[in-house]
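Read-outs throughout are calculated quantities, based only on the coordinates presented, and are distinct from any laboratory measurement. The model shown is predicted, which means the values in this text are computed figures rather than measured ones. Here the Cβ is made from the backbone with ideal geometry for all residues, glycine too, and neighbour counts use every protein chain on show.
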Amino acid sequence: MKILKDTTIAVCGLGYVGLPVALLFAQAGFKVFGVNRGKEKVAKINLGKNPIEGKEPGLKELIKTVHHQGNFEATTDPKIYHQADVIIVAVETPVEEETHEPAYVAMRSALKDIGQNLKKGTLVIVESTIAPGTMKKVVKPILEQESGLMVNKGFLLANCPERLMPGFLLENIQNYNRVLGGMNQKASEIAKKLYKYIIKSEIEETDCLTAEIVKSGENTYRDVQIAFANEMALLCEAMGANVWEVRRLINNCKKRGDTRVEALRQMHLPGAGVGGHCIPKDSWLLIYGAKDLIEPRLIPLSRHINDFMPRHTFHLLKDAFREIGKNLEGTKIAVLGYAYAGNSDDARNTPTEPLLKMINRTQAEVIVHDPFIQDYKKPLEEVLKGTQALILMTDHDQYKKIDLKKIKKLMRAKPIIIDGRNIFDKEKTRKLGFVYKGIGNI
Ligand SMILES: NC(=O)c1ccc[n+]([C@@H]2O[C@H](COP(=O)([O-])OP(=O)(O)OC[C@H]3O[C@@H](n4cnc5c(N)ncnc54)[C@H](O)[C@@H]3O)[C@@H](O)[C@H]2O)c1
């Protein structure tokens, strides 16, 4: 198969990953089908409307452009796979809540649909993040069994994990280097040629297993580093220091006359918890690859430290109430931010959820605000009126512009701020009469 503009591409899963990928290929001139479960989302996309609510530069415009071009169509019908020369899989890959093992329900059903409609010679590329070994142990056998074709002979297979982040979808897809692991050289070569149409950066070829480990490994590295930053925050609170000043000084470690920052010494951001579809589960995916072979310690411990942060945020709230001599029961508390990341509408695995569960057990009245999530889009003044405490969970731009003097008038006497993302100035809030407690800075 040669990659020509008349190559037809099907993208399975039109979420944060699949939708922008499909649109970029359509913009490049390919005929693209996007397959997704659920008629509502598909209908919206086919009307040229953006289903993502958060700030995503260029996405709304790109959907409109592609809609007018007429070479992109979303559908719920898996039979469309039979028309595709290339199929890209971008469905969700969560882990089981209790066991942390991969929960490949979406992946298995997508592969089954694809296998049953696979045309001979098609290249299937998995972009979803998967546990190391999944291409060989799950993807290949399902496709072979359902299609009756053999990999490398009847169809081609590659893994090209996606590296984007909500808020930067289009920018990241086009500008981040990519790792590409083909089941054979031909799969790698064709996939690379194809991605060159939308990726401006380097595409590095490797084997499937290495590509799988790189993707889950880079997110695990981040999770471990965040856990370190969170533990530093807890240490600084205990010792009466400000973790943000400590972090600034650590990160400013430079040689005289050298303007480069020392990348290896850059401390991550502590905070009220880690969320999103990826970071909380990719560590579990990585270690699942070596299940029963070794027992990793650092990675699960880091997960537990990060999962503890919403509980710690709740502890800070209780401390602040103790300080003002009040009980939480019967008071009103505002939680600002339900999405896990600033300016995003992505609320998967949000740390706000466990925090809300803890507050709800106290019989305090809790009211949530988020400018990007339909259920929580209310005027901020209305939310803060009559509250005793404000807990900042997400660094949306709107919250960075909060007028403290104004909100103090709306809140009860001895108002409390629990700052989960270091967006308020501790001294300033205290001067204005707030009781302030920030993660790593109390
Ligand atoms: N969101 C991110 O920032 C990000 C970044 C890099 C990698 N990833 C990885 O990419 C993958 C997808 O993530 P996402 O954030 O786009 O998920 P998502 O939940 O936003 O999108 C997945 C889409 O697939 C659809 N789907 C599920 N089963 C299907 C099926 N059988 N057929 C057709 N459609 C189906 C869902 O309805 C959904 O719209 C995951 O493995 C994730 O770990 C995500």
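Loop exposure criterion: GluC sites (Glu not before Pro), DSSP state outside H, G, I, E and B, at most 10 other Cβ atoms within 10 Å. Applied to the chain, the longest stretch between such sites is 203-328. Each residue of segment 321-330 was assigned a 3J(HN,Hα) from its phi angle through the Karplus expression (A = 6.51, B = -1.76, C = 1.60, θ = phi - 60°), giving 5, 4, 4, 8, x, 10, 9, 6, 3, x Hz with x at Gly and Pro.
Can you sort Cys160, Cys236 from fewest to most other Cβ atoms within 10 Å of each residue's own Cβ?
Ascending number of Cβ neighbours within 10 Å: Cys236, Cys160.
Shape of segment 358-442 from its Cα gyration tensor (a ≥ b ≥ c, root eigenvalues): rounded if a/c is under 1.5, otherwise prolate when a/b > b/c, or oblate? Rounded is the answer for segment 358-442, as its axis ratio a/c remains below 1.5. Positive-end ranking of Val214, Val17, Ala110 along the dipole of the chain, with charges on Cβ about the Cα centre, is headed by Val17.
Taking max minus min of the alpha-carbon positions on each principal axis, segment 72-203 gives extents of 40, 38, 30 Å, largest first.
Give the percent of DSSP beta bridges with both residues in the chain that are antiparallel, rounded to the nearest 5. Before the final figure, lay out the partial values.
Values: 4 of 48 bridges.
Close to 10 percent.
Compactness of the chain is given as radius of gyration and Dmax, 23.9, 73 Å, from Cα positions. Between amide H atoms placed 1.01 Å from N, distances below 5 Å from Ile391 occur with Ala334, Val335, Leu336, Ile418, all of them 5 or more places distant or on a separate chain. When each of Phe33, Phe168 is scored by the number of other beta-carbon atoms lying within 10 Å, the sequence from fewest to most is Phe168, Phe33. This ranking places Asp419, Asp395 by how few other beta-carbon atoms lie within 10 Å of each, fewest first, which gives Asp395, Asp419.
Given axes a ≥ b ≥ c from the Cα gyration tensor, I'd like to know whether segment 303-438 is rounded (a/c under 1.5), prolate (a/b larger than b/c) or oblate. Numbers along the way, then the final one.
Working: a/c = 1.39, a/b = 1.15, b/c = 1.21.
It comes out rounded by the Cα gyration axes.
Residues whose amide H falls under 5 Å from that of Val95, counting only those 5 or more places apart or on a different chain, are Ala103, with hydrogens built in the peptide plane.
Between the alpha-carbon centres of segment 1-39 and segment 279-293 there is a gap of 29 Å. Cα centroids of segment 425-442 and segment 50-102: 43 Å apart.
Note: relative contact order over segment 198-341, using C-alpha pairs below 8 Å and six or more positions apart, is 30 percent. Shape class of segment 280-374 from the alpha-carbon gyration tensor: oblate, with a/c at 1.5 or above and b/c at least as large as a/b.
Counting only Cβ charges, +1 for Lys and Arg and -1 for Asp and Glu, the dipole size of the chain around its Cα centre is about 1060 debye.
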